[in-house]
Amino acid sequence: STQSTWEHDRSSANPPLEMLRNTQILLAARPQGMVSPDNFVTRVVEMASVPNPGQVLLRTLYVSLDPAMRGWMTDMPSYIPPVALNAVMRAGTLSEVVASKHEKFAPGDKVVGMSGWQTYDMSDGRGLVKVEALPGHPLSVYLGALGMTGMTAYFGLLDVGRPEPGNTVVVSGAAGATGSVVGQIARLKGCSVVGIAGSEQKCRYLVDELGFTSAINYKTADLDAALREACPRGIDVFFDNVGGAVLNAALRRITQGARVVICGAISQYNSTAPPPGPSNYLNLLVKRARMEGFIVFDYVKRFPEAGREMARWVMDGQLKYQEDIVDGLEQCPTALLRLFDGSNSGKLIVRVAEPTAQSPRSRL
């Protein structure tokens, strides 16, 4: 149970023994179509509790669940190698340093990394980013609005979409972790923002809480008619997280010189058949428009500048975020499905453990 795991974790923050029990969730089989909990298996392994020189022992506090993880399970050429079978499932994590023989990290430090679905990780420090708690905000914000999700929204919209004040920006998957941030940044940049989401509740949230100009429920609306009404002058920037019919409808409404940002295509991730191509793609030619994909990892050197601006917006209350938190590492395989069935709102995160109250500041 979660309680017993927590008791175990608390007692092993400064483990008296040389070995730790590390719970790991592995990718056991590649999904065919929709991902299933049956694609994963759990194991408990013993690992050293004392780092070697240059290493740091991490205890996982939070795990990020993201749509991109579905692609990482597929053995196809991509921007990142697939997760190997019988390997720990890859995922973004926020961890606490338990013990360190690394000059850059001390016990008690909080770091963002890619430790995956496991309670502990021994790291050489590469790829770890130290974070400090923001007053009034949970540490998990560094997996959402101030993490990879926020960076994806920031660079995808501003660098690829290049919105200008007065532009009409349309965002699909607008109530999701990335889309909700994209729409707010567009609003902050002086744009009219239309969100496309899958329920009346999500649409109300976009307009009432996040300040979107309007929102469209794609499950009940005629998309073509709704976009025509919401965007009478057309769409200058379309930020797409969904693909499929939603992308096709948006292409019909683009303006001259429009920018279509391909961030994701969640409607296609679990398909077994090849997705249909957008039949309205010739509008890109007629309107001299641009459709461009991007990978957030390409911007890693610029994360600090984006992080500073985003943190200011969060602290000022100009950028709001919603977290959907599930408790217990063992919930990862079932919680992941919520990204694909529409039941998730905001950033989906699994809480694995609480940080220790008083962390020692000495290195080993």
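Taken together, the values in this text are just the output of simple stated rules run on the coordinates, not laboratory data. Owing to the predicted nature of the structure, the values given are computational and were not obtained by experimental measurement. Virtual Cβ from ideal backbone geometry, glycine too; neighbours counted across all protein chains shown.
Based on DSSP H runs of at least 4 residues, each adding -39500 (n - 2.57), what is the mean residue ellipticity at 222 nm of the chain after dividing by all its residues, to the nearest 500 deg cm²/dmol? Counting only the DSSP helices, I get -5500 deg cm²/dmol.
Highest GNM mean-square fluctuation among Pro31, Pro53, Pro107, for the chain modelled with Cα contacts below 10 Å: Pro53. Using DSSP to define loop residues, name the trypsin sites (Lys or Arg not before Pro) in the stretch 190-229 whose beta-carbon has at most 13 other beta-carbon atoms within 10 Å. Passing both the DSSP loop test and the Cβ count: Lys219. For Val242, the residues 5 or more places off, or on other chains, whose built amide H falls under 5 Å of its own are Gly264, Ile266. Remark: the stretch 296-302, residue by residue, has Karplus-estimated 3J(HN,Hα) of 4, 4, 5, 9, 4, 5, 9 Hz, where x stands for each Gly or Pro and the curve is 6.51 cos²θ - 1.76 cosθ + 1.60 at θ = phi - 60°. Ranking Cys191, Gly125, Leu319 by Cα position along the charge dipole of the chain, where only Lys, Arg, Asp and Glu carry charges on their C-beta atoms, puts Cys191 farthest toward the positive end.
Just so you know, the Rg over Rh for the stretch 173-315 is 0.96, from Cα atoms, with Rh as the Kirkwood radius. The value given for the stretch 214-296 is a Kirkwood hydrodynamic radius of 13.3 Å, derived from the mean inverse Cα-Cα separation. Within the shell defined by Cβ-Cβ distances under 10 Å, the residues around Gln256 carry a net charge of +1, with Lys and Arg each +1 and Asp and Glu each -1. Taking 1.567 mPa s as the viscosity and 4 °C as the temperature, the Stokes-Einstein diffusion coefficient of the stretch 37-124 based on its alpha-carbon Kirkwood radius rounds to 92 µm²/s. Summarised as an ellipsoid, the chain has semi-axes of 39, 22, 17 Å, derived from the eigenvalues of the Cα gyration tensor scaled by 5 and square-rooted, with the largest first. Between Gly71, Gly150, Gly113, the GNM of the chain built on Cα springs shorter than 10 angstrom shows Gly71 fluctuating the most.
Normalising the Debye intensity of the stretch 123-188 to I(0), with uniform scatterers on Cα atoms only, and taking log10 at q = 0.18, 0.29 Å⁻¹ returns -0.73, -1.24. Every pair of different Cα atoms in the stretch 29-86 enters the Kirkwood calculation, which places the hydrodynamic radius at 14.4 Å.
In the stretch 231-360, taking the dipole from charged Cβ atoms about the Cα centre, the farthest positive-side position among Asn248, Ser267, Val286 is held by Val286. Taking only the alpha carbons of the stretch 250-364, we obtain Rg and Dmax values of 20.5, 65 Å in that order.
Of Arg59, Arg312, Arg90, the residue with the greatest mean-square motion in the GNM of the chain, using alpha carbon springs below 10 Å, is Arg312. For the stretch 161-280, the Cβ-based charge dipole about the Cα centre amounts to some 180 debye (Lys, Arg positive; Asp, Glu negative; other atoms uncharged).
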